[in-house]
Amino acid sequence: MQAFFAVVDGLCEEEEKCSEKISNEMGIIIIKILFVTLLVVLLYSSSGVNSDQLQVGFYGDSCHCAESVVKDEVTKAFMNSRGVAAGLIRMHFHDCFVRGCDGSILVDSATSNTAEKDSSANNPSLQGFEVIDNAKARLESECRGVVSCADILAFAARDSVEISGGLGYDVPGGRRDGRVSIASETLTELPAPTLNVNQLTQLFATKGLTQEEMVTLSGAHTIEQSHCSSFRDRLYNFNGSMSRDPSLNDRYAAKLRQQCPQENTNSANYDLVVPMNPAGPADTMDVSYYVGLLRNRGLFTSDQTLMTNPDTANEVYRYATYQDPLLWKHKFAGAMVKMGQIGVLTGYAGEIRANCRVINQY
């Protein structure tokens, strides 16, 4: 920066007009500030990664039916299988945490590359890809090459929240699709079910999300499900001791053992799917997830660990007991909007995929 200012000083010394206009040191300081401000603005605007370029109603002129088409596809899928709402919310979360909200979770693996969707963190647990495919196909017929897959997924997640009893919210559009999807990146970028509260807080902080927002977004587990393999160690081999996690509610642990047999069994029930929130309706977003945590019924270590920290435990208690049932829903909607702006590609960065499963070939 000192070298930059030196250049500005040199220019002023060489130009007689400059010396005539700048009669005191204050004038020189003002010009330096203007130069630096202009430089910063130019560098920032050319980066192509700027969430400020997202806009509510982004497709109002270019493809006015974009959000209504997505909502229609989500509604039809939900009527056929209510679990798809949780799948789409989780898909958006997993998309945003790996390379930002760029639709990279939607890309299919190729002979030379295993994509994000086929990592152990996403396969076979993620569902709802066909909803995105159907919406994209309709939008390509209406507005070819306009609506990004990343935006379709963000809209679909919002619609899934609303159709499940959460609050609707405005989703700024304008994301563009990424051209890279690597399965191995999910291992470090997505929160594992074994993380403790400090590890979770640090991971969310790297995405620009606060600890409170981490607790708030965890509430999506109220309508989600999990394969037994994601938490079986809490039932039979906790910390290598061949016993269960003592933080699990006794009756809840016994029920889970019935649903999820030990690993060495040949039972067809070995890797069943169980609800992450046994206390509440499987398709309704409410605060019963937090009520369950107060009763030591968090399915993952990363769920129950929220009760081991005074600050996060206070947030759990506030959501579980607050008299206004809309408190968590309002907070959740806000956190989803913020999460949806992580590392977005805008402007001329990335691309608009013709097929959400395949990176465009040029």
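The values are calculated or read from the model by the stated rules, or taken from the named source; none is laboratory data. For clarity, every value in this text was computed on a predicted model and none was experimentally measured. All Cβ positions, even for glycine, are placed from backbone atoms using ideal geometry, and neighbour counts span all protein chains on display. Please note that ligands, DNA and RNA were not included when accessible areas were found on the heavy atoms of the full protein model with its side chains. Shrake-Rupley method; radii C 1.70, N 1.55, O 1.52, S 1.80 Å.
Condition test on S141, is it outside any loop (DSSP other than H, G, I, E, B) and open to solvent by 10 Å² or more (accessible area, probe 1.4 Å)?
Here the answer is yes, as S141 does meet what is asked.
State whether one or more residues within the stretch 57-67 are closer than 21 Å to D170 by Cα and at pLDDT below 95.
Checking the stretch 57-67: not a single residue is closer than 21 Å to D170 by Cα and at pLDDT below 95.
Restricting the stretch 274-316 to residues that are small (G, A, S) and in contact (Cβ under 8 Å) with a residue 60 or more places away in the chain, which is surrounded by the fewest Cβ atoms within 10 Å (Cβ to Cβ)?
Result: A282.
Here are the criteria: (1) under 20 Å from G340 (Cβ atoms); (2) part of a helix (DSSP H, G or I); (3) open to solvent by 30 Å² or more (accessible area, probe 1.4 Å). Tell me which single one G208 does not satisfy.
All conditions pass for G208, except number (2).
Looking at V344, V358, V337, which is the one that is within 30 Å of V107 (Cα to Cα) and touching a helix residue (DSSP H, G or I) at 6+ places or on another chain (Cβ under 7 Å)?
V344 is the lone residue from the list that is within 30 Å of V107 (Cα to Cα) and touching a helix residue (DSSP H, G or I) at 6+ places or on another chain (Cβ under 7 Å).
Quickly run through the stretch 56-88 and pick out the residues that are open to solvent by 60 Å² or more (accessible area, probe 1.4 Å), within 13 Å of V131 (Cα to Cα) and part of a loop (DSSP other than H, G, I, E, B).
Within the stretch 56-88, R82 is the sole residue that qualifies.
Report, by residue number, each residue of the stretch 89-120 that is of a type in the set (D, E), crowded, with 22+ Cβ neighbours inside 10 Å and touching a residue at least 60 places away in the same chain (Cβ under 8 Å).
D102, E116
Return only the number of the condition from (1) free of Cβ contacts under 8 Å to residues at least 60 places away in the same chain; (2) farther than 30 Å from Y319 by Cα that F238 does not satisfy.
(2)
Residue under question is L187, and the condition is that it be open to solvent by 60 Å² or more (accessible area, probe 1.4 Å) and hydrophobic (A, V, I, L, M, F, W, C); does it hold?
Criteria met by L187.
Is it the case, given these coordinates, that G166 is buried (at least 23 other Cβ atoms within 10 Å of the Cβ), assigned to a loop (DSSP other than H, G, I, E, B) and small (G, A, S)?
Here the answer is yes, as G166 does meet what is asked.
If you go through the stretch 210-232 one residue at a time, how many are more than 17 Å from A282 (Cβ to Cβ) and β-branched (V, I, T)?
The qualifying residues number 3.
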